[in-house]
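Take a look at the structure below.
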Amino acid sequence: MTFSRREFLTSTATATAGAALGSVPALAAEAPGHKAALPVVIASSNGIRGVKVAWDRIVAGEDTLDAIIAGVNIQELDPDDQSVGLGGLPNADGVVQLDASCMHGPTRRAGSVGCLEDIATPSLVAKAIMDYTDHIMLVGDDARKFAIQMGFKTQNLLTEKSRQDWLRWKARLNPGDAWLNHDDDVKIKFTTGTINMNAVNAGGDVSSVTTTSGMAWKVPGRVGDSPIIGAGQYCDNTVGAAGSTGRGEANIKVCGAFLAVEQMRMGKSPEQALLHVVERVIAMTEKRLLGDNGRPLFDLDFYAIHKDGRFAGVSCYEGGTFAVCDSAGPRVMTSAYLYKASERPRR
Ligand code: SD4
């Protein structure tokens, strides 16, 4: 921990004001945060359908990891979600390469896959690696071969919509090259969703999963934070779970999901733990990614759940949301944040 107490209180005050939770907290007096009766499932906001599916399955007695993987499968198989699985935005070569990882609290096992092509459900491939091998991570063509051996079906993951977006990006890349712009009116997306989901059942068992097509237009072969155990997601059955969406390169450097769980282990609430993680991210950010006001030029969101039912979402900037489902049903909630939206530097 490199922050002085004064720095901690100053930044915590910013964050807490951002979360509209009132006065400056002392280290021991934490913001109350959110708490649900178990079971509870949380996810990035694109998981709003998935948290309900996962929660229903957990209530019906299904294992937490199987349940949340069923939850994220919805996005993976949805061709209109351009951040995950089928229809994900491709890399710079126009090839969809997927990353995913998962962790199962009760058995303390983990699985992960990076740079996977042609298989729409990398979360299930990560789980197959966990279930059927003595390894944790497989990547690239050999991960694809493994998946085929395990019975997964290959398909072209590049939808026409994502191919058109890639073409527009490519055409505008260098004004002087031989590609002509073929559509001037369309805004090009660079990153979108990714889905992280975490659950605790009534017995306090915890699991986590993250799945993504990664950063759009990435350098072929690039692996983000999602398949990195401890960055994209992490869980410990004695504490809770955490995960992330957003700029993976920023998260990897602080092992954000692991750090969040460790902060909860040391007694912080999920919200305070995640605020600590985001502060570490900012402290570790190179200058080229900071605006003149010292605020980051990227987005990064974290989600955490404690095994006692407390949970939180935290973003760099005001405006972030996350999905939750408990006995009150699925809903989107506002994330706490470090900086006001007005502090976001212009690019
Ligand atoms: C990555 N964290 O590959 C992912 C991307 C993401 O919203 O979450 N986008 O870096």
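Observations on the model:
- Most mobile listed residue (Gln164, Gln97, Gln75) in the chain, GNM with C-alpha springs under 10 Å: Gln164
- Value of Rg to Rh for the range 270-347, rounded to two decimals, is 1.04; Kirkwood radius and Rg both from alpha-carbon coordinates.
- For the range 32-342, the share of DSSP beta bridges that are antiparallel, to the nearest 5, is 90%.
- Partners of Lys307 within straight-line reach, counting aspartates and glutamates whose Cα lies under 12 Å from its Cα and excluding those fewer than 8 residues away in the same chain: Asp205, Asp236.
- The calculated FRET efficiency for the pair Asn181 and Leu289, based on their C-beta separation and a Förster distance of 25 Å, comes to about 0.35.
- Length added when fully stretched, Lys145-Val95, from 0.36 nm per residue minus Cα-Cα: 16.3 nm
- Within the full protein context, the accessible area of Lys307 is estimated at about 60 Å² for a probe radius of 1.4 Å.
- Size of charge dipole - the chain - debye, nearest 20, with Cβ of Lys, Arg +1 and Asp, Glu -1, no other charges: 740
- Note on Thr133: accessible area is roughly 30 Å² with a 1.4 Å probe, heavy atoms of protein only.
- Inter-label distance for Ser342 and Arg49, nm, one decimal - labels placed 7 Å from Cα along Cα-to-Cβ: 3.8
- Accessible-area value, Arg109, 1.4 Å probe, nucleic acids and ligands omitted, Å²: 90
- Close amide H contacts of Leu157 (hydrogens built in the peptide plane, cut-off under 5 Å, sequence separation of 5 or more or a different chain): Asp118.
- Among Ala143, Ala231, Ala199, the largest mean-square fluctuation in a Gaussian network model of the chain (Cα springs under 10 Å) belongs to Ala143.
- Enclosing the Cα atoms of the chain in their convex hull gives a volume equal to 135 cubic angstrom per residue.
- Ratio of the Cα radius of gyration of the range 206-299 to 2.2 N^0.38 Å, where N counts its residues: 1.10
- Estimated from helical segments only, the mean residue ellipticity of the chain at 222 nm is -9000 deg cm²/dmol, where each DSSP H run of four or more residues counts as -39500 (n - 2.57).
- Most positive-pole-ward Cα, His104, Ile48, Met284, against dipole of the range 32-342 from beta carbon charges: Met284
- Of the residues Asp56, Asp326, the one with the largest accessible area comes first in the ranking Asp56, Asp326, computed with a 1.4 Å probe on protein heavy atoms.
- Point-charge dipole on Cβ atoms (K/R +1, D/E -1) for the range 69-227, about Cα centre, debye to 20: 180
The values are calculated or read from the model by the stated rules, or taken from the named source; none is laboratory data. Predicted model, so just to flag it, every value in this text is computed and none were measured. So basically every Cβ, Gly included, is an ideal-geometry build from the backbone, and we count neighbours across all protein chains shown. These area figures cover heavy atoms from the full protein model, side chains too; ligands, DNA and RNA do not enter into them. Shrake-Rupley method; radii C 1.70, N 1.55, O 1.52, S 1.80 Å.
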